[in-house]
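The values are calculated or read from the model by the stated rules, or taken from the named source; none is laboratory data. Just so it is clear, the structure is predicted and the values come from calculations on it, not from any experiment. Cβ sites come from the backbone with ideal geometry, for glycine too, and all protein chains shown count toward neighbours.
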Amino acid sequence: MSVVGRVVCGLESGGVSRRNEVLGVNDRIRTTVHGHGRLSVDIASLTDDADLYDAGMTSHSSVNVMLALEGEFDVEFPERMLRREVFQSIQAIGAAIRELTDHRP
């Protein structure tokens with residue numbers, strides 16, 4: 001089901017659930033990684049916990065992904081998050097994005 005479909009389903013059931021929000025974030029991360037990660041495999045074939053570095057992402061392309069994510073989510077990754085583990089998978093990136101955005105007003 002597409003992002004729009006998940007959002008519509010969430011709205012029909014009385015509001016967007018936390019799960020739908022997470023799926024929407026992960027879809028946006030996937031789109032960003034697809035555009036900037038220079039993976040050697042199709043991003044659609046990877047699970048959320050698949051290792052993006054094993055899928056072909058280099059340290060250079062991870063910097064491009066980080067910069068694109070900052071623009072996509074209007075966040076800035078602090079120095080403590082500038083580690084390979086934070087960008088290792090869609091799931092790890094999602095956790096970092098949620099940490100950075102959960103405390104917004």
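Before moving on, here are some points about what is shown:
- Options 28, 6: the member that is in a helix (DSSP H, G or I), surrounded by 14 or more Cβ atoms within 10 Å (Cβ to Cβ), at pLDDT below 95 and among the basic types (Lys, Arg): 6
- Among the residues of segment 78-91, those that are surrounded by 14 or more Cβ atoms within 10 Å (Cβ to Cβ) and out of contact with any helix residue (DSSP H, G or I) (no Cβ under 6 Å at 6 or more places or on another chain) comprise 88, 89, 91.
- Taking the criterion of being of a type in the set (Val, Ile, Thr) and part of a loop (DSSP other than H, G, I, E, B), the residues of segment 42-96 that qualify are 47, 58, 75.
- Residue count, segment 34-66 (criterion: surrounded by fewer than 12 Cβ atoms within 10 Å (Cβ to Cβ) and either touching a residue at least 60 places away in the same chain (Cβ under 8 Å) or of a type in the set (A, V, I, L, M, F, W, C) (or both)): 1
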